[in-house]
Amino acid sequence: MNLQLLAGILGLFGAVLLIVALRRLRRLRLVSGGGAFLFSAAFLSTAGLLFVVATNLRTYARLTYEAPVAELLFEARGPQRFHVTLTRLPRGEMQSFDMNGDEWQMDARVLKWKGWANVLGLDALFRLERLSGRYRDIEAERTAPRTVYGLADNPGWDVWSWALNHPNWLPFVDTSYGSATYLPMAQGARYRVAVSQTGLLARPLNAAADLATQNWATQDSSNR
């Protein structure tokens, strides 16, 4: 990422200034040596901060338009029990989970930048956060077995949480928010999840998913 390159350049300048400062201080040139040391500390501190920010942002993907990010295939294993195969797009990396409930839910984090940051080349970023099962019945949601799985690591400095809790400290961040989508689980149902500037979107990919979604929507309307 560009931030990592910038961190490397600043770190290099900081290291050079540190060597210069140490040489001057050894020769008892205290004023010039002290000034070089302060500049070195500033460069190295900034480089360190940029590096931990860049490390965290590497767990996100660039968001420039609606793009498919995952497909899910469900197999029934019993009442309100399903085995799901998650395929990450476009890499094709696969993961398997056992889930309880009537519906599946996927959550993501989204970071959007100010206009001037976009001009500098910073696109909105997203990261898939978790996959969980949920129940249609509220009482079951409170008492029945829950399943939830993390979909991302969070190394470095957590930029998303910091932007959410301290918005004035990161003026280049326009907004940070969570997005979620959920649809019914059913035998043989396959769904595709895409992400856009407005968040996550889920669509049926086969007849089983279409039928499950239609029945789900009909039940939801009748319960209102």
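The values are calculated or read from the model by the stated rules, or taken from the named source; none is laboratory data. Note that the coordinates shown come from a computational prediction; the quantities given were computed from them, not determined experimentally. Virtual Cβ from ideal backbone geometry, glycine too; neighbours counted across all protein chains shown.
Could you check region 66-87 and list, in sequence order, the residues that are of a type outside the set (A, V, I, L, M, F, W, C), within 22 Å of the chain's Cα centre (by Cα) and closer than 16 Å to ALA212 by Cβ? Give the derivation first.
If we filter region 66-87 for residues that are of a type outside the set (A, V, I, L, M, F, W, C), which is where we start, we get 66, 68, 71, 75, 77-81, 83, 85, 87.
Then keep just the ones that are within 22 Å of the chain's Cα centre (by Cα); that gives 66, 68, 71, 85, 87.
Result: GLU71, single match.
In region 167-214, the qualifying residues are those that are surrounded by fewer than 17 Cβ atoms within 10 Å (Cβ to Cβ) and β-branched (Val, Ile, Thr), and the one that is modelled with the highest pLDDT is THR198.
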